[in-house]
Amino acid sequence: MPKRSWVSFVSKHKKQGVKLDDLIYALAVLFLARKGHHWTVENLHQYCLSLVGNNFDYGLLKPKPISVKVLNNDIDFDLKKIGHTYECWRHLDRPEFQARIQTANKSIDTDLLIGFTQIYTPEWVVQHLISKTILESDATVIDPACGTGNFVISAFDKLIELGAPVENILDSQLGAIDIDQTALSICALTLAVRLIELGGSDTKSHLSGFRLLHLDDTKGLGSLYRDFPSDHPLSKTYHAVLTNPPYIGRRLLSKQLKEALKANYPISYHDLSAAFLSRCLELTSTTGRAGMITQASLLDLPAFELLRREIIDSYNLVSIVDAGTNVFPLIQGDKVNSAIIVIEKPSEVQDNGTFEFCKIPRHSQLSNGTVSILKLDQNSLKLAYRLSVPVPAEIMQLFELPSLDSIASIKQGLATTDNAQFVKNICDVPQEEIGIKWFPYVKGAGATRWFAPVVHVVDWQDNGRRIKETVRQKYPYLNGKANWVVKNESYYFKPGICFSFVSSKGVSFRKLFAGAIFDVGASAIFLHDDSIDPDFLLAYLNSSLCVALLQYINPTINNQVGDVRRLPIISMEQSFLAQNARQLIELSQRKTDSYACERESILNQIELLEKENDLLVLRAAKEHFGWSDSQTLKVQEWCLRGEVNSNLFSRI
């Protein structure tokens, strides 16, 4: 039965007044009957109590024997539909929890945390992670946020398949932790049904690794809490740690939980799922593996860079699947973007380790055979400490070349601290004061390349006397050192290349003409000597290769000086690029002043020249490193993210 149909099935019985516990037991008994095991609900309930023992308070009430009659014997379901029933039951109330968690000054109690974060893990995700983490019959396994036990049941099945005795699994190999008493009890019930199905119901073992946690006892942290007794399952380490953690971004966390996460997880406190990733790595034994499905934002966002650095520098990546949206059937649309990660805790970090990476096309699954899996070098991730965009080995070669800061100085510009007072439009000041009080001022121009007209002036009379006085008054703790704000004054009025600090369309470089001061929003590049033509450098930096490299190093809209410094410089013939740059500067100037009928022709010329630049830079890289045609194409595809001009490539 499709998952949406199962929601309808659950909804129908809920509206009819059927209690959850009765429905769960009815499904369990019906499942067993179809397998030839005829148990009453009373006997199954008693068996579950004995199996749980004193490990936690079993939370399902003794069911009514007649509850099985509410079911249609024609319904088609597997064992895990028992747990999925609880998610569907909770899903019907999800709008209420969504509204509650978005209120200000909220307190996140157990019911709200469960209701908002509980998402049942799809079976294909479970099987992928199980296959990557549970490798031996004696493996110990735990899920620190197990819910109704999708990972737990599959881990049990995998251990049985590998030859582990049932008693060993229950006594010492399998752990399941949650704050949801009902979910943990359903997990135990489902495992009990599996034991009966396999003929192991006469075991004297108990679910020794099962524990129910209370937020009040763990300072609101649940499994993220660390101060458990030494015999507690969360005080041990495991060969395999598997979970689908709760997802709550920092914006929706309560004040108390924000403070607790920041104090306990300083590199992963921005999201509850990120903190769980850190905790899972702590619970993983040496040479063991942690596998989880989590927010794809962990792969990229700057907020998680410290966590990624720890993973890349201190662990071995095994597998990353950029799973995209629509992984969870009950959460439609693009709200949940998922990644599936497997990480190994090594006894020694490998210098040349590789890992599997794949990006799943929309509406696909990893198991359907249509997904391309890449083998990548983990060291390549140290270029930008991002996990979402695979970097060809050829790109890493580029960073062995001298960097931009070996041939040029990259400087931040002037921050006036009061633009309303000190910066004006050039048309709004007396022309006779230009060059005396008001001087040309180059500000950021977004995605504009090659040339941008100077339309602003700044008050720089007497070498910026009024600006510096204002800085000293505003920031007395600088002890009169205005140059901490009025930066790099010795570079003012010099020719160079400038780029916008903020641009949503990638970095764009422009000609900086002599005689102007540059703003903090238009940082600038100044060559060390005359051996390099500045117009060549302008064309080189505006190439698709350099733009893609910088976008990879820093995927945000902010183009930082420190990142631009890292761009590699290929030694190549300068004259052709320099000539193209001068034509592009002229065309960009004409575009600014042209009529619409002429602008289209100018834009076409600009596009052709920019493609020519890309061709020249790629050809230089190919010749320098001796790349084959296929290697060069790989770099081009990476730069353009698949938008390859095959006609252009044929000329390289």
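When peptides 556-563, 584-591, 623-630, 117-124 are ranked by their average number of other Cβ atoms within 10 Å per residue, the highest-first order is 117-124, 584-591, 556-563, 623-630.
Available extension along the chain between residue 12 and residue 251 is 82.5 nm, counting 0.36 nm per residue and deducting the alpha carbon span. Each peptide in 295-302, 51-58 gets a packing score, the mean of other Cβ atoms within 10 Å over its residues, and the list from highest to lowest is 295-302, 51-58.
Secondary-structure-derived ellipticity at 222 nm for the chain, considering helices only, amounts to -11500 deg cm²/dmol, per-run term -39500 (n - 2.57) for DSSP H runs with n ≥ 4. Treating r as the C-beta distance of residue 33 and residue 466 and R0 as 51 Å, the FRET efficiency rounds to 0.05.
Peptide packing: for 419-427, 532-540, the average count of neighbouring Cβ atoms within 10 Å per residue gives the ranking 532-540, 419-427, highest mean first. Within straight-line reach of residue 437, meaning a Cα separation under 27 Å, sit the following lysines at least 8 residues removed in sequence or on another chain: 411, 424, 468, 474, 481, 487, 494, 511.
Note on residue 258: lysines with a C-alpha under 16 Å away, same-chain residues under 8 apart excluded, are 106, 219. For the chain, the carbon plus sulfur part of the accessible surface works out to 49%, probe radius 1.4 Å. Listed by chain and number, the lysines whose C-alpha is less than 22 Å from the C-alpha of residue 345, apart from same-chain residues fewer than 8 away, are 132, 158, 236, 375, 382.
Solvent-accessible surface of the chain, averaged per residue with a 1.4 angstrom probe and all protein chains in place: 44 square angstrom.
The values are calculated or read from the model by the stated rules, or taken from the named source; none is laboratory data. Fair warning: this is a prediction, and the values are worked out from it, not measured in the lab. Positions of Cβ are backbone-derived with ideal geometry, glycine not excepted, and every protein chain shown enters the neighbour counts. The protein model used for the area step is the full one, side chains on, heavy atoms only, and it has no ligands, DNA or RNA in it. Shrake-Rupley method; radii C 1.70, N 1.55, O 1.52, S 1.80 Å.
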